[in-house]
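Please read the structure below before turning to the comments.
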Amino acid sequence: FLDDSPPFGLSFGPASSRDDCLRSAKALYKKLLFLAPGSTVLQFDVIGVLAYNTDGSFDEGKAKALVRLFRPDENNDISLVSFCQSCDQVYKRLRYLRASVGNSTLIDNVLENIFNGAYGFFLILVVLSILQLNPWALLVSLSTVLLSLSFAVGPSAAKVVEGMIMIAVRRPFDLGDKISIIGSASDPPPDCDPGHQVMWIVEDCNLFTTTLRLTRSNEVSTISNGSIANTRIVNHARSKKAVVNLKLPMTLSRVTHEHITIVKSALTQYIHDNPRVWYRLINWRMAKVVTNHDFILFSAQVQHVRPWQDTLPVLTAKGDLEKFCIDIIVKLGIHYDSPPSANASELYIKELPEGFLPQQNCEMDNNKKDD
């Protein structure tokens, strides 16, 4: 199924590559428009028919899955771009699944060979014992050599075994996942989205080593699994529905309850109008008040529909949402103007350009005339 040229079926069309998948999605979208004559945008009801079983019963689970996949807007419409993006998202999941299955098969084969070797060794010992050939004398004679080797390679072997157990049992990541490796158990900075910004993409993985690519510079690194077995691994692909934090500063003396209600209502409406981007508003609260500086800070937590695996779309949407909120605050006249830095009064200017302070120059000229 994963290797078929049309993995989504003959009705969808060829999807052996990403370009073929997008072309087939575009052609399918045009075909589905014929089911809604006179409409230039696809109605979700056309796709929602898939939620009905062959016996005519309605499957609520399928309906929710279709809504999560295509994310229709408030008018129950699905644009061509949104339809192609949804199909492309499923295609990428399918390819990641194919790569993960292939990699898991290789790991399982290595584990199978290791267990087969151990089983064969003990089977030989049992057969020799049945044949009344004492194999223990040979093992005892080699005990000195084995003991020396255990002291020499013991720590390294323990690291290797620990890394093998991490990959075979824990499985903290799959191919294509974005991860962050944290050496200590310290908490991330409170004002960072995401919490751990140094991300690596898992390109290859076996029982002994893992190949990673740094997202910000495209550098490739190879590390042993034993070296990261005791670290905290943050898997951004498994961190579903990323949560972003907004900081909205305002002027304390000008803020009223009506202003706060308007800003919160506008934010909630913006989330409702963009269902393909935002999921819901989780939290809205007053975070900080500084009366001496006439400052009040409100904090909002908003949940995105994508995981932190898609870092760039999430941060881009966060910037757009923050700009929208700041524009509302500015229109209401409650924005906060930061005071000058405390070090500004101690600033030393070695030399000023000629005519930089015209008033001071005029006073100096008048004093000269009086003298």
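The values are calculated or read from the model by the stated rules, or taken from the named source; none is laboratory data. Quick caveat: nothing in here was measured; it's all calculated off a predicted structure. Counting neighbours? That spans all protein chains shown, and the Cβs are built from the backbone with ideal geometry, glycine included. What goes into the accessible areas is simple: the full protein's heavy atoms, side chains included, and nothing from ligands, DNA or RNA. Shrake-Rupley method; radii C 1.70, N 1.55, O 1.52, S 1.80 Å.
All told, F70 falls short of being exposed (fewer than 12 other Cβ atoms within 10 Å of the Cβ) and in contact with a strand residue (DSSP E or B) (Cβ under 8 Å, 6 or more places away or on another chain). Residues being more than 14 Å from the chain's Cα centre (by Cα), of a type in the set (S, T, N, Q) and either open to solvent by 40 Å² or more (accessible area, probe 1.4 Å) or at negative phi (or both) are entirely absent from region 161-183.
Only one entry in L133, L128 is open to solvent by 60 Å² or more (accessible area, probe 1.4 Å), of a type in the set (A, V, I, L, M, F, W, C) and over 18 Å from V305 (Cβ atoms), namely L133. The residues in region 234-248 that are more than 18 Å from the chain's Cα centre (by Cα) and surrounded by fewer than 18 Cβ atoms within 10 Å (Cβ to Cβ) can be counted, and the count is 1. Close contacts from region 235-250, counting a first residue that is within 21 Å of K264 (Cβ to Cβ) and a second that is open to solvent by 20 Å² or more (accessible area, probe 1.4 Å) and among the aliphatic types (A, V, I, L, M), with Cβ to Cβ under 6 Å and a gap of 6+ residues or different chains, come to P249/L297.
Considering each residue of region 76-92 in turn, none proves to be in a loop (DSSP other than H, G, I, E, B) and open to solvent by 90 Å² or more (accessible area, probe 1.4 Å).
Counting residues in region 235-256 that are under 30 Å from E112 (Cβ atoms), modelled with pLDDT under 90, not acidic (D, E) and not in a loop (DSSP other than H, G, I, E, B) gives zero. In region 4-13 there is no residue matching the filter, namely being surrounded by 11 or more Cβ atoms within 10 Å (Cβ to Cβ), at pLDDT 85 or above, under 30 Å from the mean Cα position of the chain (by Cα) and not in a loop (DSSP other than H, G, I, E, B).
The residues of region 258-270 that are without any contact (Cβ under 8 Å) to a residue 40 or more places away in the chain and surrounded by 12 or more Cβ atoms within 10 Å (Cβ to Cβ), listed by number, are I260, K264, T268. Taken over region 284-307, the residue count meeting the criterion of being open to solvent by 50 Å² or more (accessible area, probe 1.4 Å) and either of a type in the set (S, T, N, Q) or under 30 Å from N75 (Cα atoms) (or both) is 4. Scanning region 113-122 for residues being open to solvent by less than 100 Å² (accessible area, probe 1.4 Å) and either under 16 Å from F208 (Cβ atoms) or among the small types (G, A, S) (or both) gives a total of 4. Name every residue in region 315-341 that is in contact (Cβ under 8 Å) with a residue 12 or more places away in the chain and part of a helix (DSSP H, G or I), in order of residue number. Selection gives L315, A317, K318, L321, E322, F324, C325, I326, I328, I329, L332.
When each of A25, A51 is tested for being modelled with pLDDT of 85 or more, more than 16 Å from C84 (Cβ to Cβ) and under 30 Å from the mean Cα position of the chain (by Cα), the lone residue that passes is A51. Among the residues making up region 215-230, those that are in a loop (DSSP other than H, G, I, E, B), within 26 Å of R306 (Cβ to Cβ) and either aromatic (F, W, Y) or open to solvent by less than 90 Å² (accessible area, probe 1.4 Å) (or both) are T215, S217. Pairing each residue of region 29-52 that is among the small types (G, A, S) with any residue that is assigned to a strand (DSSP E or B), provided the two are 6+ apart or on different chains, yields C-beta distances under 8 Å for A36/L42; A36/Q43; A51/F58. For region 198-208, give me each residue that is open to solvent by 30 Å² or more (accessible area, probe 1.4 Å) and under 16 Å from D177 (Cβ atoms). Residues satisfying the conditions are V198, W200, I201, E203, D204, N206. Residues in region 56-112 that are at pLDDT below 85 and acidic (D, E): D73, E74, D108.
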